[in-house]
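Have a look at the structure below before the remarks.
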Amino acid sequence: MAAQRTHASHVLVYAAVLAAVASACGNEGTPSALSPRGPEAGRIAVLWWLMLGLAGLVFLVVMGSLVTGIVRRRPASEEPGAERPGSAGHDEGVAPARTSGDRLSRLDRRFVVGGGVVMPAVILTLLGVLTVGAVDAVVKSESEFVVEVSGEQFWWDVQYPDLGFRTANEITIPAGTEITLRLTSPDVIHSFWVPELAGKRDLVPGRTNTLVFEADRPGVYRGQCAEYCGIQHANMALYVVALDPDEFESWADRRREGPLPPATAQQRRGREVLETEACAGCHRVQGTEATGTLGPDLTDVASRRTIGAGALPNDRGHLAGWILDAQSTKPGALMPPMDLAPDELDALLAYLETLR
Ligand code: CUA
């Protein structure tokens, strides 16, 4: 009784774990390919469910046959050893294996050909055709709205050629519009993946790949570099922010105008720090003397959700820590520690907070 109870409790625990894992796959807000928010991701999700269904079906048929074979023993008269008198009782309860001389019955042969040749051929052909169709849908010809994305170690450079605007780690788009990403990389292979919107697409040095996708509705969709690219591969996240088309227009207008000039003496001092300290060597802020391109463009840094491509939340405290010692958060990133006096840091933070 006790053993049975232990067994039952084990089954319950396994069921609970499975249910938790299964529910985590479809949670709202998690970047799951199983909650598609656009037509391209939708096609991939349909394909996924179809594959799961077919694999499940094959599994059930194979397991069913196996169990049937174990449970339904062959009648004694068919057993090759049954006729030999001396062997009776010798191997009782054990069905002797067929010898190579046995011929497959017609039914057996049909089963082998049907299950081993015909069924895989049909299933694999069907999945092949559907997969090629789904791939075709995401690499189709470019749409009008183009965003150029470059995978850097370890962040995303984002440029809007038609807007003349540059940013990093966040791609703002209008919902309901087909977007074309032109994907490149100056260093190693990265992979762009926003599971709710589209499949993965590699960023390969020396070539430009395109990815076409659309977001059905406004929302924030988390993405992640999906190709191991170095020590901080895990901290190479991005966000796609889909806005209502009207909201997007006003966002684009603000971006075209660039950031407001600093309003206070402290903010002006902060801009001076940015332009004269090492910052300007790597970072650019539209309309200033900071024109570096080695690191992320900071023109709208205050409006971003995170610092360091998803490494930290974007608030004053974390930003201060990042500026002074980024390596303790993201070892291997190119951002060096900055040696700033407290009043310089304060002024710099005050200025950076105006960049939105
Ligand atoms: Cu970039 Cu992994």
task: Inspect the range 36-44 for any residue being among the β-branched types (Val, Ile, Thr) and either surrounded by 14 or more Cβ atoms within 10 Å (Cβ to Cβ) or at pLDDT 90 or above (or both) and give the result as yes or no.
output: yes
task: Considering only the range 332-349, state which residues are more than 35 Å from the chain's Cα centre (by Cα) and among the hydrophobic types (A, V, I, L, M, F, W, C).
output: Leu340, Ala341, Leu345, Ala347
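Conditions tested, residue by residue: (1) away from the ligand (no atom under 16 Å from the Cβ); (2) of a type in the set (A, V, I, L, M); (3) surrounded by 14 or more Cβ atoms within 10 Å (Cβ to Cβ); (4) modelled with pLDDT under 95.
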{"site": "Phe145", "(1), (2), (3), (4)": "yes, no, yes, yes"}
{"site": "Gly151", "(1), (2), (3), (4)": "no, no, yes, no"}
{"site": "Phe154", "(1), (2), (3), (4)": "no, no, yes, yes"}
{"site": "Gly164", "(1), (2), (3), (4)": "yes, no, no, yes"}
{"site": "His190", "(1), (2), (3), (4)": "no, no, yes, no"}
message: Of all residues being small (Gly, Ala, Ser) and part of a loop (DSSP other than H, G, I, E, B) in the range 106-143, which is surrounded by the most Cβ atoms within 10 Å (Cβ to Cβ)? Just the residue, please.
response: Ser143
- request: Considering (1) within 17 Å of Val146 (Cβ to Cβ); (2) surrounded by fewer than 21 Cβ atoms within 10 Å (Cβ to Cβ), say which one Val204 fails and leave the rest.
  value: (1)
field: Pick from the range 213-230, criterion more than 10 Å from the ligand (Cβ to nearest atom) and in a loop (DSSP other than H, G, I, E, B), ranking: nearest to Leu203 (Cα to Cα)
entry: Glu214
- request: Could you list, in sequence order, all residues of the range 192-208 that are more than 14 Å from the ligand (Cβ to nearest atom) and either closer than 16 Å to Glu142 by Cβ or in a strand (DSSP E or B) (or both)?
  value: Ala198, Arg207, Thr208
task: Please work out if Ser150 is outside any loop (DSSP other than H, G, I, E, B), touching a strand residue (DSSP E or B) at 6+ places or on another chain (Cβ under 7 Å) and among the hydroxyl-bearing types (Ser, Thr, Tyr).
output: yes
- request: Residue by residue through the range 265-302, note down the ones that are surrounded by fewer than 14 Cβ atoms within 10 Å (Cβ to Cβ) and part of a helix (DSSP H, G or I).
  value: Ala265, Thr276, Gly281
- request: Determine, yes or no, whether Arg73 is modelled with pLDDT of 60 or more, basic (Lys, Arg) and not in a helix (DSSP H, G or I).
  value: yes
- line: Of those in the range 231-250 that are more than 25 Å from Leu334 (Cβ to Cβ) and surrounded by fewer than 18 Cβ atoms within 10 Å (Cβ to Cβ), the residue farthest from the ligand (Cβ to nearest atom) is Asp246
- request: Please give the number of the condition Thr172 fails out of (1) surrounded by fewer than 20 Cβ atoms within 10 Å (Cβ to Cβ); (2) away from the ligand (no atom under 16 Å from the Cβ); (3) more than 17 Å from the chain's Cα centre (by Cα).
  value: (1)
- line: Flagged in the range 175-185 as in contact with a Ser or Thr (Cβ under 7 Å, 6 or more places away or on another chain), away from the ligand (no atom under 14 Å from the Cβ) and either farther than 15 Å from Asn209 by Cβ or not in a strand (DSSP E or B) (or both), in numbering order, are Glu178
Residue match in the range 256-271 (condition: out of contact with any strand residue (DSSP E or B) (no Cβ under 9 Å at 6 or more places or on another chain) and under 25 Å from Val220 (Cα atoms)): yes
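The values are calculated or read from the model by the stated rules, or taken from the named source; none is laboratory data. For clarity, every value in this text was computed on a predicted model and none was experimentally measured. Here Cβ is always computed from backbone atoms with ideal geometry, including for glycine, and neighbour counts include all displayed protein chains.
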